[in-house]
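Chemist: Below you will find the structure I want to go over with you.
The values are calculated or read from the model by the stated rules, or taken from the named source; none is laboratory data. Given the structure is predicted, the values throughout are model-derived calculations rather than measurements. Note that each Cβ is placed from the backbone with ideal geometry, even for glycine, and that neighbours are counted across all protein chains shown.
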Amino acid sequence: MDGPPDAPVLLMINSLGADLSMWEPQLPALTPRFRVIRYDARGHGRSPVPPGRYALADLGRDALALLDRLGVARAHVCGLSLGGMTAMWLAAHAAARVDRLVLVCTSALLGPASAWAERAATVRAEGTGAIADAVVDRWVTPGYAAAHPGEVRRLRDMVAATPAAGYAGACAAIEEMDLRPDLPGIRAPTLVVAGAEDPATPPAHGALIAAGVPGARLEVVSPAAHLASYERAGTANRLILEALDG
Ligand SMILES: O=C(O)CC1=CCC(=O)O1
């Protein structure tokens, strides 16, 4: 946890193939105002890696268990991609625990299901190293990659360090997810952030969420690919602060 102990709590949830370090570019801007809780989603980073397929509800209940353990009754929630899906699940199924929502480069329905099954099978057979380059190609724009080779190596290493069973288990959660019916019931004030050049969850996915959640607002950041909060940290931080402070 980072930030003043008595500040409002902000829970940040990582994407598929990432760990809690993906939020490091947010810390200098957010920790003066918020008690920031970052954690590794199940199957990722240093969290346990249960065998088998995960469901989005598993990931959501993990987040609730963490809040319970930390004695946090209610938090703002910010998630990117799979983390954003978990955040939407929380807002829909545990509304009393969620204050405001920031959904970054995410989707309410991310098909085709067969692609997730195939990716999981590849990872189980060959490891996460086999897909790491392709994943990072979707995370940052070519311009950013050319200018920041060290960051690209770091991101690639993060993907490759994700346990294969955890990555594959989380693919199943995306394969089976359809949050579209939940969107109209979300009452948390919601900001949706999309990356204009995101090939994984293009802005149309963010637009669908913003159209479905009452009162939600969409911001499209450019140039930015899937890891928009990493590539365009300054813009993302400003938007997050506006959404949570407003
Ligand atoms: O790796 C990708 O294709 C992008 C992605 C989808 C869900 C997620 O968390 O990352």
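Chemist: Of all residues in segment 174-196 being over 28 Å from residue 245 (Cβ atoms) and of a type in the set (Asp, Glu), which is surrounded by the fewest Cβ atoms within 10 Å (Cβ to Cβ)?
Modeler: 178
Chemist: Please determine, by comparing only the residues of segment 99-145 that are under 17 Å from the mean Cα position of the chain (by Cα) and basic (Lys, Arg), which one is farthest from residue 225 (Cα to Cα).
Modeler: Filtering segment 99-145 for residues that are under 17 Å from the mean Cα position of the chain (by Cα) and basic (Lys, Arg), the one farthest from residue 225 (Cα to Cα) comes out as 100.
Chemist: Scan (1) away from the ligand (no atom under 16 Å from the Cβ); (2) of a type in the set (Gly, Ala, Ser); (3) more than 20 Å from residue 227 (Cβ to Cβ) for the single condition residue 55 breaks and write down its number.
Modeler: Going through the list (1) away from the ligand (no atom under 16 Å from the Cβ); (2) of a type in the set (Gly, Ala, Ser); (3) more than 20 Å from residue 227 (Cβ to Cβ), residue 55 breaks only (1).
Chemist: Sticking with this one: Output the number of residues of segment 58-87 satisfying the condition of being among the β-branched types (Val, Ile, Thr) and outside any helix (DSSP H, G or I).
Modeler: Residues in segment 58-87 being among the β-branched types (Val, Ile, Thr) and outside any helix (DSSP H, G or I): 2 in total.
Chemist: Of the conditions (1) surrounded by fewer than 20 Cβ atoms within 10 Å (Cβ to Cβ); (2) in contact with an Asp or Glu (Cβ under 8 Å, 6 or more places away or on another chain), residue 108 satisfies every one except a single condition; which number is it?
Modeler: Condition (1) is where residue 108 drops out.
One line per residue, one yes/no per condition, for (1) touching a residue at least 60 places away in the same chain (Cβ under 8 Å); (2) part of a helix (DSSP H, G or I); (3) closer than 17 Å to residue 48 by Cα; (4) away from the ligand (no atom under 11 Å from the Cβ):
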residue: 138; (1), (2), (3), (4): yes, yes, no, no
residue: 144; (1), (2), (3), (4): yes, yes, no, yes
residue: 154; (1), (2), (3), (4): no, yes, no, yes
residue: 158; (1), (2), (3), (4): yes, yes, yes, yes
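Chemist: Can I ask one more? Being β-branched (Val, Ile, Thr), at pLDDT 95 or above and either outside any helix (DSSP H, G or I) or under 19 Å from residue 11 (Cα atoms) (or both): is that true of residue 240 here?
Modeler: Criteria met by residue 240.
Chemist: Now, a different point. Among the residues of segment 10-40, write down those that are under 17 Å from the mean Cα position of the chain (by Cα), away from the ligand (no atom under 16 Å from the Cβ) and touching a residue at least 60 places away in the same chain (Cβ under 8 Å).
Modeler: 10, 11, 25, 26, 30
Chemist: Out of (1) among the β-branched types (Val, Ile, Thr); (2) closer than 23 Å to residue 237 by Cβ; (3) away from the ligand (no atom under 16 Å from the Cβ), what's the single condition that is false for residue 49?
Modeler: Every listed condition holds for residue 49 apart from (2).
Chemist: Which residue pairs have Cβ atoms closer than 8 Å, lie 6 or more positions apart in sequence or on different chains, and pair a first residue in segment 165-177 that is farther than 15 Å from residue 125 by Cβ with a second residue that is outside any loop (DSSP other than H, G, I, E, B) and of a type in the set (Asp, Glu)?
Modeler: Sorted first by the residue in segment 165-177, then by its partner, the pairs are 173/58.
Chemist: Within segment 88-120, which residues are assigned to a helix (DSSP H, G or I) and within 15 Å of the ligand (Cβ to nearest atom)?
Modeler: The answer is 88, 89, 113, 114, 115, 116, 117, 118, 119, 120.
Chemist: From the list 129, 43, exactly one residue is assigned to a loop (DSSP other than H, G, I, E, B), out of contact with any strand residue (DSSP E or B) (no Cβ under 6 Å at 6 or more places or on another chain), surrounded by 15 or more Cβ atoms within 10 Å (Cβ to Cβ) and not basic (Lys, Arg). Which is it?
Modeler: That would be 43, the only listed residue that is assigned to a loop (DSSP other than H, G, I, E, B), out of contact with any strand residue (DSSP E or B) (no Cβ under 6 Å at 6 or more places or on another chain), surrounded by 15 or more Cβ atoms within 10 Å (Cβ to Cβ) and not basic (Lys, Arg).
Chemist: Give me the pairs, please: first residue somewhere in segment 210-227 and within 14 Å of residue 184 (Cα to Cα) and in a loop (DSSP other than H, G, I, E, B), second residue anywhere and away from the ligand (no atom under 16 Å from the Cβ) and polar (S, T, N, Q), beta-carbon distance under 6 Å, and either six or more positions apart or on two chains.
Modeler: Taking only residues 6 or more apart or on different chains, the pairs are 213/190; 216/190.
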